[in-house]
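Taking it in order: structure first as structure tokens, then the write-up.
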Amino acid sequence: MRMNSKHQETLNRIFEKPVHAGIPWNDIEALLLALGAEISEGRGSRVHIVLQNVRAVFHRPHPHKETDKGAVISMRRFLITAGAEPC
């Protein structure tokens, strides 16, 4: 999968300062897949992600579909470690 403008927009929103909450989790998963990540289901709301041999576990937000600031910060750290920062 290749990154399109929607994926690029999601990536930019993850790296916005101040931290932007409310990014739909489905958009983040689509971005990760476009970057070549492997995503697998864990127990409950856990999601296991591997990108560039970097592993992480996140919790899908519920009951809302949008991420909170803490999850965005964690995703930002994960993407930096995996070498996937915006241009």
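The values are calculated or read from the model by the stated rules, or taken from the named source; none is laboratory data. Keep in mind it's a predicted model, so treat the numbers as computed, not measured. Here the Cβ positions follow ideal geometry from the backbone for every residue, glycine too, while neighbour counts run over all protein chains shown.
Please specify each residue of the stretch 57-78 satisfying the condition of being among the hydrophobic types (A, V, I, L, M, F, W, C) and either surrounded by 18 or more Cβ atoms within 10 Å (Cβ to Cβ) or farther than 24 Å from residue 4 by Cα (or both). Give the derivation first.
Taking the stretch 57-78 first, the residues among the hydrophobic types (A, V, I, L, M, F, W, C) are 57-58, 71-73, 75, 78.
Within the stretch 57-78, 57, 58, 71, 72, 75, 78 meet the criteria.
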Inset, instruction - Give the residue that is surrounded by the fewest Cβ atoms within 10 Å (Cβ to Cβ), with candidates limited to residues of the stretch 22-50 that are free of Cβ contacts under 8 Å to residues at least 24 places away in the same chain and of a type in the set (S, T, N, Q). - result: 40
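Taking the stated definitions as given, is residue 41 more than 17 Å from residue 74 (Cβ to Cβ) and charged (D, E, K, R)?
Judged against the criteria, residue 41 is a match.
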Inset, instruction - Check residue 57 against each of (1) at pLDDT 95 or above; (2) in contact with a Ser or Thr (Cβ under 6 Å, 6 or more places away or on another chain); (3) farther than 21 Å from residue 87 by Cα and name the one condition it does not meet. - result: (2)
Inset, instruction - Identify all residues within the stretch 51-70 that are touching a residue at least 40 places away in the same chain (Cβ under 8 Å) and not in a loop (DSSP other than H, G, I, E, B); write none if there are none. - result: 66, 69
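Would you confirm whether or not the stretch 28-45 contains a residue that is part of a loop (DSSP other than H, G, I, E, B) and of a type in the set (Asp, Glu)? Walk me through it before giving the result.
We begin by selecting, within the stretch 28-45, every residue part of a loop (DSSP other than H, G, I, E, B); these are 35-37, 42-45.
After this cut, where a residue has to be of a type in the set (Asp, Glu) as well, the list is none.
Checking the stretch 28-45: not a single residue is part of a loop (DSSP other than H, G, I, E, B) and of a type in the set (Asp, Glu).
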